[in-house]
Amino acid sequence: MQKTSFWKAGHTPTLLAAFFYFDLSFMVWVILGPLGVQIAKDLGLTAAQKGLIVATPLLAGALLRIVMGVLVDHLKPKRAGAIGQVIVIAGMVWAWQGQLDSYHSILALGVILGVAGAAFAVALPLASRWYPPEHQGTALGIAGAGNSGTAFAALFAPTLALAFGWQNVFGLCLIPLGIALVVYMVFAKDAPSAPPPKSMLEYLQVLKDKDAWWFMFFYSVTFGGFSGLASSLTIYFNSQYGLSPVTAGYFTAACVFAGSMVRPMGGRLSDRIGGIKTLSIMYVLAAIFLFIASLGLDSAVPAVIVFVGAMLALGTGNGAVFQLVPQRFRKEIGVMTGLVGMAGGIGGFYLASSLGFSKQMTGSYQIGLTIFAALAVIALIGLSSVKGRWRTTWGSAAMTTARI
């Protein structure tokens, strides 16, 4: 009954087109990670440089989410998304046919790929504006499942690079990206009603609320951990255990699939036991698994099991954060989605770049992983310090029917 009413409530073609666009955008957003081993070998990159080439798209995507959010408000989601896709496709044509023969040219490509990461700020409002409040969670869950695109990059990019050369992989990406653009232009439509455009001042106003900073920090740990590991694990498995780029990509895909698939479950679990309890448990588990990983396990199989555990915790935590944000910032949810999403990308940039610097300076990834495990512990302490206030103010039974 619920399912039938959901499919009749909004605009299914737009929802599926938004998911498809989001999924393929995330695939190319992190594609330098799975290709990182081959690129680094050809260009002679250091460990720190390898970390920065996979981290740059994460930082660019984080900052461009704010820009894309403003474009969505002023041009409407469909036109903003079309502009973003054309920029990414043009960038991939340059990457395919241009001269990517230096470290700095790869960094420039990373900035362009950040536009793909900003798809988060388009796909979610494009889909959600069609749906009434009681179906927002399901609509956002389906559109947000585009996180799974990161796994496709890890699964296919190293194999294609081995067969055709890593630069030709960018050309091959034009095929699904072109299909996604056609599907998007044909089937996606802007909702008939839209909230009024928001100014940069409104973004800054939200930042005066300390809870906004807490949520940005919490998501920088959960999504930052997820996206940072998704971008870095292929290089990690290759350098730590000597796996071929293709095998390292398969191991990475297993970890990323685990983290992306449990995000909707994180939301459902939070609805049942409360977002604070769910997030607290996930921080404990993430810290444990990341600390174990930092010890440098003897072989790749136990390592991938540990990283799958970490990604399950981080992915579930992503869903838990976004169960809480709409309860706290009902009227500012659009602005907060952009700010929290930006913080998540910055967390990913920090983790990916810190792993590279850790490897270069100490010869191992231990310091980088240990610090991020410590950040999960700090997030747990922070959440424990605010949960009493949250449960007795905006999260009280008098204010909401949701479990906080």
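The values are calculated or read from the model by the stated rules, or taken from the named source; none is laboratory data. Nothing here was measured: the structure is a model prediction, and the numbers come from that model. Cβ: placed from backbone, ideal geometry, glycine included. Neighbour counts: every protein chain shown. Please note that ligands, DNA and RNA were not included when accessible areas were found on the heavy atoms of the full protein model with its side chains. Shrake-Rupley method; radii C 1.70, N 1.55, O 1.52, S 1.80 Å.
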Failed item in (1) at pLDDT 80 or above; (2) open to solvent by 50 Å² or more (accessible area, probe 1.4 Å), with V183 passing the rest: (2)
Of all residues making up segment 233-247, the number that are within 18 Å of L160 (Cα to Cα) and of a type in the set (S, T, N, Q): 4
Test: residue in segment 111-119 that is modelled with pLDDT under 95, on the phi < 0 side of the Ramachandran plot and not in a loop (DSSP other than H, G, I, E, B): yes
Residue satisfying all of: in segment 207-226; assigned to a helix (DSSP H, G or I) and more than 30 Å from F307 (Cβ to Cβ); most open to solvent (accessible area, probe 1.4 Å) among these: K210
Candidate set from segment 303-334 (those that are free of Cβ contacts under 8 Å to residues at least 12 places away in the same chain and more than 22 Å from L229 (Cβ to Cβ)); member that is least open to solvent (accessible area, probe 1.4 Å): I333
Residues located in segment 95-110, provided they are assigned to a helix (DSSP H, G or I) and open to solvent by less than 50 Å² (accessible area, probe 1.4 Å): A95, Y103, S105, I106, L107, A108, L109, G110
Residue tally, condition buried (at least 22 other Cβ atoms within 10 Å of the Cβ) and either within 20 Å of S231 (Cβ to Cβ) or acidic (D, E) (or both), over segment 278-302: 4
Residue among A143, A123, A118, A127 that is in contact (Cβ under 8 Å) with a residue 40 or more places away in the chain, under 18 Å from I333 (Cα atoms), touching a His at 6+ places or on another chain (Cβ under 9 Å) and aliphatic (A, V, I, L, M): A127
Residue count for segment 223-254, restricted to those that are within 14 Å of the chain's Cα centre (by Cα) and of a type outside the set (S, T, N, Q): 7
Criterion (farther than 19 Å from K359 by Cβ, modelled with pLDDT under 95 and assigned to a helix (DSSP H, G or I)) met by exactly one of M92, M68: M68
Test: S239 is touching a helix residue (DSSP H, G or I) at 6+ places or on another chain (Cβ under 8 Å), under 30 Å from T401 (Cβ atoms), open to solvent by 10 Å² or more (accessible area, probe 1.4 Å) and part of a helix (DSSP H, G or I): no
Any hit, segment 256-277, residues being more than 27 Å from F22 (Cα to Cα), polar (S, T, N, Q) and either at pLDDT below 95 or open to solvent by less than 50 Å² (accessible area, probe 1.4 Å) (or both): no
Residue in segment 331-344 that is over 20 Å from the mean Cα position of the chain (by Cα) and part of a helix (DSSP H, G or I) present: no
Subset tally (residues that are open to solvent by less than 60 Å² (accessible area, probe 1.4 Å) and without any contact (Cβ under 8 Å) to a residue 60 or more places away in the chain) for segment 76-89: 2
Residue satisfying condition, being in contact with a Ser or Thr (Cβ under 6 Å, 6 or more places away or on another chain) and under 16 Å from I404 (Cβ atoms), within set S270, S280: S270
Options A154, A143; residue that is modelled with pLDDT of 90 or more and buried (at least 22 other Cβ atoms within 10 Å of the Cβ): A154
Residues (of a type outside the set (A, V, I, L, M) and in contact with a Leu (Cβ under 7 Å, 6 or more places away or on another chain)) located in segment 79-90: G81, Q85
Counted residues, segment 6-64 - those being open to solvent by 20 Å² or more (accessible area, probe 1.4 Å) and β-branched (V, I, T): 4
Test result for A352, touching a residue at least 60 places away in the same chain (Cβ under 8 Å), in a helix (DSSP H, G or I) and surrounded by fewer than 19 Cβ atoms within 10 Å (Cβ to Cβ): no
Failed item, numbered, when G363 is tested on (1) without any contact (Cβ under 8 Å) to a residue 60 or more places away in the chain; (2) buried (at least 24 other Cβ atoms within 10 Å of the Cβ); (3) among the small types (G, A, S): (2)
